[in-house]
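The values are calculated or read from the model by the stated rules, or taken from the named source; none is laboratory data. The structure displayed is predicted, hence computed values, not measured ones. Neighbour counts are summed over all protein chains in view; Cβ atoms, including those assigned to glycine, are modelled from backbone coordinates with ideal geometry. Ligands, DNA and RNA are excluded from the accessible area calculation, which covers all protein heavy atoms including side chains. Shrake-Rupley method; radii C 1.70, N 1.55, O 1.52, S 1.80 Å.
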Amino acid sequence: MIDPVDITFEPQLDTVEAARAIVQQTTRVTLLDSARFLRNHTGGQVYLKCENMQRTGSYKIRGATYRLSQLSEEERARGVVAASAGNHAQGVAFAARELGIKATIFMPTGVPIPKLEATRNYGAEVVLEGENVAASLAGAQAFAERTGAVFIHPYNHPDIITGQGTLAVDLFEQQPDIDTIIIPIGGGGLASGVGAIAKQLAAKAGREVRVIGVQTENSAPFPVSIEEGHPVKIDAKATIADGIAVDVPGSLSFELVRKYVDEVVTVSEDDISRAILLLLERAKLVVEAAGATPVAAIIAGKIKEPGNTVAVLTGGNIDPMMLEKVIASGLTASERYMKMNIGLRDTPGHLARIAAILAEINANVIEVLHTRHNKGLQIQEVELEIAVETRGTEHAQQVLERLREAGYHPKVDPNASL
C-alpha cells in the first residue's frame, strides 16, 4: 500500500550512522579518487566519489537496502514493488534478494537490455509496462493497491533519504576537509540525505560545507520550484541523463533540498557528453550521463570558488549503445571531430591543395565527399564536405584559420556527429 509522506522529516546524524551498519551489508565503501585533470577548472583539489563502482553500479542500493530493512515481518511477507528504468530497479532487486523479500519491478518497454537483464538476474520479477517511467510508476502503484505489496518510492521517503545519507558519512571519513560537494539531483533523495548529513558533520567539526546540486537543462524542476516556493511540474524534454529525468520534485525531498542544498545549477547535453568522454579518457571511469553531471558542471564553469571539491559520480550503468552515441557527441562537442562544407570552383587541384593544408597542420581526414549535386550550387561550382579529427578547440580554430588564409571559406556543420 502507498502511505502518505511525512514532509516534516529531518535526517539525523546518529540515525544515519546507525543506518550505515545496515547498508554496509550490501554495499562497499567506494573509491574517493583525486582528479588532477580538473584542477585547472576550479583552482583547488577535486576528488571523484566513485559510486559508479558501487554494487549494482549505483548509489541507489544504499536507500533501497535501508528502506527494505525497516519493513515489518508482515510487510516483508507481502513483498515489494517499484518502478524504474534502471538504477532504482537494480538496487531494490538486489536488496530484496539479500533480505529474502519477493520483489516485482515495473520497467518501461524500451528499457535497455543490460538493465533489464541485471534486474532479472538479481531475482526480481520484471513487468514491462508503458513507454516511460511515469507509465511504469502508475503500473507499480496500481499493483501495490491491488496486491498489498509495499511500494518502494525511488526518493520521496524518509528511509530512502536516510540510506542515501550514508554516502556523506563515507565521504567525511575519507576526506574530512571538504569545502564543496557537487551532486546530481533527480527527484532529490540523494541530495536531501547527503546535504543534511554533510551539513551536520561539518558543523560537528566546527566548519561549513557547501552543497551544490546539478540538473540537466532539459529536465530541471528544482530551480523553478525553489523560486516558486513549492514543487512545480515542468514540461521536461528528453535527455541523455535519464537517471535524473524528473518533471516534479518529491514533496519531502523538495523541502530538504530547499533547506540543505545551497545552489542548483544546470548543464547542457553537450556539457554532459564532454564530461563522460573526459572521465573515460583521463580517469578511466565509465560513468552514466546522470552520474557525470557534477563533472559537467565543473568543466562548464558553473561552480564558483569551490575549494576542496568532491564530485559525486552516482552511477555507471550506461547502455553500450548509448555510450557509443555519447562518445561521438562528446568528440563533436569538444571540437575533436569537425565536419566542414567548402564551396569551390570546379577546377582541378583544389582537393589536393586542401588535403595538403590539413596534413601540414596535422588534422586527420576521416571522410570526404566531393559533389556537384548539392542544392544551391551554380554551374562550375562544387562543394567539398570533409570531416576531420582535431586535438580540440584550439586546434580546430587553427584548421579553420589556415584554410581561410589560403582563400577558402569553410562552414562548420554544428549538428554533425561521428
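Restricting to the range 101-115, and then to whatever is open to solvent by 70 Å² or more (accessible area, probe 1.4 Å) and over 21 Å from GLY291 (Cα atoms), can you tell me which residue is modelled with the highest pLDDT? If you could, list the steps in order and put the result at the bottom.
Filtering the range 101-115 down to residues open to solvent by 70 Å² or more (accessible area, probe 1.4 Å) leaves 102, 109, 113.
Then keep just the ones that are over 21 Å from GLY291 (Cα atoms); that gives 102, 109.
Values: LYS102: 97, THR109: 90.
Here the answer is LYS102.
Answer with yes or no whether ALA191 is in a helix (DSSP H, G or I) and touching a strand residue (DSSP E or B) at 6+ places or on another chain (Cβ under 8 Å). Before you say what the answer is, go through the steps one by one.
Numbers: in a helix (DSSP H, G or I): yes; touching a strand residue (DSSP E or B) at 6+ places or on another chain (Cβ under 8 Å): yes.
Criteria met by ALA191.
What tally of residues in the range 338-358 results from selecting those that are at pLDDT below 85 and among the basic types (Lys, Arg)?
The total comes to 1.
Scan ARG20, ARG39 and give me the residue that is closer than 21 Å to THR162 by Cα, basic (Lys, Arg) and part of a helix (DSSP H, G or I). Even if it seems obvious, please write down each step before you answer.
Working: ARG39 fails: closer than 21 Å to THR162 by Cα.
Within the list ARG20, ARG39, the selection yields ARG20.
Applying the selection to the range 56-95, what residues are surrounded by fewer than 24 Cβ atoms within 10 Å (Cβ to Cβ) and either out of contact with any Ser or Thr (no Cβ under 8 Å at 6 or more places or on another chain) or closer than 18 Å to VAL133 by Cβ (or both)? Show your work before the answer.
Step one: of the range 56-95, the residues surrounded by fewer than 24 Cβ atoms within 10 Å (Cβ to Cβ) are 69-79, 85.
Result: SER69, GLN70, LEU71, SER72, GLU73, GLU74, GLU75, ARG76, ALA77, ALA85.
Being out of contact with any Asp or Glu (no Cβ under 8 Å at 6 or more places or on another chain) and aliphatic (A, V, I, L, M) is the filter; apply it to the range 6-31 and report the residue that is most open to solvent (accessible area, probe 1.4 Å).
The qualifying residue most open to solvent (accessible area, probe 1.4 Å) is LEU31.
Any idea which of GLU129, GLU173 is open to solvent by 40 Å² or more (accessible area, probe 1.4 Å), modelled with pLDDT of 95 or more and not hydrophobic (A, V, I, L, M, F, W, C)?
Working: GLU129 fails: modelled with pLDDT of 95 or more.
Going through GLU129, GLU173 in turn, the sole match is GLU173.
Restricted to the range 200-233, and to residues that are over 26 Å from GLN175 (Cβ atoms) and aliphatic (A, V, I, L, M), which residue is nearest to the chain's Cα centre (by Cα)?
Top of the filtered list is ALA220.
Answer yes or no as to whether ILE298 is crowded, with 17+ Cβ neighbours inside 10 Å, modelled with pLDDT of 90 or more and in contact with a His (Cβ under 6 Å, 6 or more places away or on another chain).
yes
Have a look at ALA138, ALA118, ALA144 and point out the one that is in contact with a strand residue (DSSP E or B) (Cβ under 6 Å, 6 or more places away or on another chain), open to solvent by less than 60 Å² (accessible area, probe 1.4 Å) and closer than 27 Å to GLU75 by Cβ.
Values: ALA138 fails: in contact with a strand residue (DSSP E or B) (Cβ under 6 Å, 6 or more places away or on another chain); ALA118 fails: in contact with a strand residue (DSSP E or B) (Cβ under 6 Å, 6 or more places away or on another chain).
Just one listed residue meets the conditions, ALA144.
Report the residue count in the range 240-289 for those that are open to solvent by 10 Å² or more (accessible area, probe 1.4 Å), small (Gly, Ala, Ser), assigned to a helix (DSSP H, G or I) and closer than 25 Å to GLY229 by Cα.
Summing the residues that are open to solvent by 10 Å² or more (accessible area, probe 1.4 Å), small (Gly, Ala, Ser), assigned to a helix (DSSP H, G or I) and closer than 25 Å to GLY229 by Cα in the range 240-289 gives 2.
Can you name every residue in the range 188-207 that is in contact (Cβ under 8 Å) with a residue 12 or more places away in the chain and either open to solvent by 10 Å² or more (accessible area, probe 1.4 Å) or hydroxyl-bearing (Ser, Thr, Tyr) (or both)?
Pass one, the range 188-207, residues in contact (Cβ under 8 Å) with a residue 12 or more places away in the chain: 188-202, 204-205.
Scanning the range 188-207 gives SER192, LYS199, GLN200, LEU201, LYS204, ALA205.
Output yes when any residue across the range 157-165 is modelled with pLDDT of 95 or more, within 18 Å of VAL81 (Cβ to Cβ) and touching a strand residue (DSSP E or B) at 6+ places or on another chain (Cβ under 6 Å), and no when none is.
No, that holds for no residue.
Does any residue of the range 222-234 turn out to be in contact with an Asp or Glu (Cβ under 7 Å, 6 or more places away or on another chain) and crowded, with 21+ Cβ neighbours inside 10 Å?
First, pick out the residues of the range 222-234 that are in contact with an Asp or Glu (Cβ under 7 Å, 6 or more places away or on another chain): 233-234.
From the residues that got through so far, the ones that are crowded, with 21+ Cβ neighbours inside 10 Å too are none.
Looking for residues that are in contact with an Asp or Glu (Cβ under 7 Å, 6 or more places away or on another chain) and crowded, with 21+ Cβ neighbours inside 10 Å, one finds none in the range 222-234, hence no.
Restricting attention to the range 116-170, which residues are in contact with a helix residue (DSSP H, G or I) (Cβ under 7 Å, 6 or more places away or on another chain), closer than 18 Å to GLU51 by Cβ and in a helix (DSSP H, G or I)?
Matches in the range 116-170: ALA118, ILE160, ILE161, THR162, GLY163, GLN164, GLY165, THR166, LEU167, ALA168, VAL169.
Restricted to the range 283-304, and to residues that are over 26 Å from THR27 (Cα atoms) and touching a residue at least 12 places away in the same chain (Cβ under 8 Å), which residue is nearest to the chain's Cα centre (by Cα)? Explain how you work it out, then say what you get.
Initial filter on the range 283-304 (over 26 Å from THR27 (Cα atoms)): 296-304.
Retained after the next criterion (residues that are touching a residue at least 12 places away in the same chain (Cβ under 8 Å)): 296-303.
On the way: ALA296: 9, ALA297: 11, ILE298: 13, ILE299: 14, ALA300: 15, GLY301: 17, LYS302: 16, ILE303: 17 Å.
It comes out as ALA296.
Only residues that are closer than 27 Å to LYS204 by Cα and either part of a strand (DSSP E or B) or not β-branched (Val, Ile, Thr) (or both): list them for the range 1-17, please. I'd like the intermediate steps shown before the answer.
So in the range 1-17, the residues closer than 27 Å to LYS204 by Cα come out as 6-17.
The answer is ASP6, PHE9, GLU10, PRO11, GLN12, LEU13, ASP14, GLU17.
Restricting attention to the range 195-218, which residues are part of a helix (DSSP H, G or I) and touching a Ser or Thr at 6+ places or on another chain (Cβ under 9 Å)? Steps first, please.
Of the residues in the range 195-218, the ones part of a helix (DSSP H, G or I) are 195-204.
Across the range 195-218, the qualifying residue is only ILE197.
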